[in-house]
1. Kindly state, to the nearest 0.05, the FRET efficiency for ASP133 paired with LYS177, given R0 = 30 Å and r defined as their beta-carbon distance.
2. Which value, in Å², gives the accessible area per residue of the stretch 30-99 when a 1.4 Å probe is used on the protein heavy atoms?
3. Mind grabbing the accessible area of LEU62 for me, 1.4 Å probe, Å², rounded to tens?
4. Distance between the C-alpha centers of the stretch 154-183 and the stretch 122-139? Whole Å please.
5. Could you rank LYS177, LYS160, LYS138 by how accessible they are, 1.4 Å probe, largest area first?
6. In the full protein assembly as shown, how much of GLU51 is accessible to a 1.4 Å probe, in Å² to the nearest 10?
7. Cα atoms only, the stretch 36-137: Rg and Dmax in Å?
8. Quick check: at a probe of 1.4 Å, how many percent of the accessible area of the stretch 30-99 sits on carbon and sulfur atoms?
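The values are calculated or read from the model by the stated rules, or taken from the named source; none is laboratory data. Note that the coordinates shown come from a computational prediction; the quantities given were computed from them, not determined experimentally. Neighbour counts are summed over all protein chains in view; Cβ atoms, including those assigned to glycine, are modelled from backbone coordinates with ideal geometry. When the accessible area is computed, the model is the full protein with side chains, heavy atoms only, and any ligands, DNA or RNA have been set aside. Shrake-Rupley method; radii C 1.70, N 1.55, O 1.52, S 1.80 Å.
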Amino acid sequence: MDVDQPLASSSVLQTMPKIDENVSSEHKPPKERILGLLDLLETHVEKLRKEAAQLEEDRDQLLVTLDSVRHTDLMNQLDDNDADDVTRYAERIMSRCQTVEVRVLTQRDQMQEEALSQINYLIDGLVMDLRNDHEAAKQRCVSYVNACSSIMVDGIMDKKFESALLGCTLDDQKRVKKRLNGLLHYFERLRVQMFD
């Protein structure tokens, strides 16, 4: 068995190993040769997961940006016909973006599922509280961000959140941290709009 790099049109396929079992010049035992091939394939799988996760993040960022455009203050400066045209155009792009589905599944045990569920519950509560008390919700968001990081932004760290977060997979911890930083950025933008 020999591992060659075939020529293909796709960049992923170009780097995929090809198995040739007729090559007898290889002096390694069959198990070592197979394990070497599996190591190479594992590297490809991890690269694919990373690229898919990036695509998923890019799609979500596009949706957030489209939503921001739809709710920008500039919309208030348009007459009704123009605002309607712009809204329909933005909704058409948003619908098109939502036709793209990219998911990277994370394998979790029961305890990790429960920890992630608790984290989502706490973050959802934070988003709901945004309507009632913007400043209190922002401070709680900061305490959650502090629980995700070794460097505290300001304020305190939420120990309950930190405990639940430590029960999550590393992939989930990274996503939660990114999600909270996005929420914190959103809080900052809201505060700027409120005082303009």
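1. Between ASP133 and LYS177 the formula returns 0.80.
2. Spelled out: the 1.4 Å probe surface of the stretch 30-99, per residue, equals 79 Å².
3. Here the residue's solvent-accessible area equals roughly 100 Å².
4. 16
5. Numbers: LYS177 80, LYS160 125, LYS138 30 Å².
Putting LYS177, LYS160, LYS138 in descending order of accessible area: LYS160, LYS177, LYS138.
6. Roughly 80 Å² of GLU51 is accessible to a 1.4 Å probe.
7. Answer for the stretch 36-137, Rg first and Dmax second: 20.0, 65 Å.
8. Roughly 55 percent of what the probe reaches on the stretch 30-99 is carbon or sulfur.
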